[in-house]
Amino acid sequence: MDEKLSYVYILSNPTLTTFYTGVTGDLGRRMFEHTNKLVEGFTAIYNVNILLYYEIHTDITYAIEREKKIKRWKREWKWNLIDGVNSKHENLYRNGLVMPL
């Protein structure tokens, strides 16, 4: 049986002033939705569609717990997490593809 992957991710807006943390089973599809504002809500209103960070998990329960934990973090802690793998703050979603970390 194929292993189902889950992704915890952090997005920001173009000025890098707002964070959004989410969890999904299909990061490429979810980024397409965020980028094209296909889902109404926070990310569409605040133009939050730059993928700065993501983690891959094999256990959806753990991924959901991790998402909730990161959401409670201070802004500085989130920046430290992002800077650990993406210090240039590049958009990891380009041309419809999620770039490897």
Report summary line: Of the residues in the range 1-23, those that are in contact with a helix residue (DSSP H, G or I) (Cβ under 8 Å, 6 or more places away or on another chain), within 22 Å of LYS74 (Cα to Cα), open to solvent by 10 Å² or more (accessible area, probe 1.4 Å) and not hydrophobic (A, V, I, L, M, F, W, C) number 2
Query raised in the report: Tell me, which helices (runs of 4 or more DSSP H) wholly within the range 1-73 include 3 or more residues that are touching a residue at least 40 places away in the same chain (Cβ under 8 Å) and within 11 Å of the chain's Cα centre (by Cα)?
Result: 27-35
Report task. Output the residue which, of all residues in the range 65-101 that are touching a Gly at 6+ places or on another chain (Cβ under 8 Å) and aliphatic (A, V, I, L, M), is surrounded by the most Cβ atoms within 10 Å (Cβ to Cβ). Result -> VAL98
Report summary line: Within the range 25-67, residues at pLDDT below 95 and touching an Asp or Glu at 6+ places or on another chain (Cβ under 7 Å) come out as VAL39
Query - Output for the range 49-64, where each listed residue is open to solvent by 40 Å² or more (accessible area, probe 1.4 Å) and among the charged types (D, E, K, R) - result: ASP59
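The values are calculated or read from the model by the stated rules, or taken from the named source; none is laboratory data. The structure displayed is predicted, hence computed values, not measured ones. Note that we place each Cβ from the backbone using ideal geometry, even for glycine, and neighbour counts take in every protein chain shown. For the accessible areas, the whole protein counts, side chains as well, though only heavy atoms, and no ligand, DNA or RNA atoms are used. Shrake-Rupley method; radii C 1.70, N 1.55, O 1.52, S 1.80 Å.
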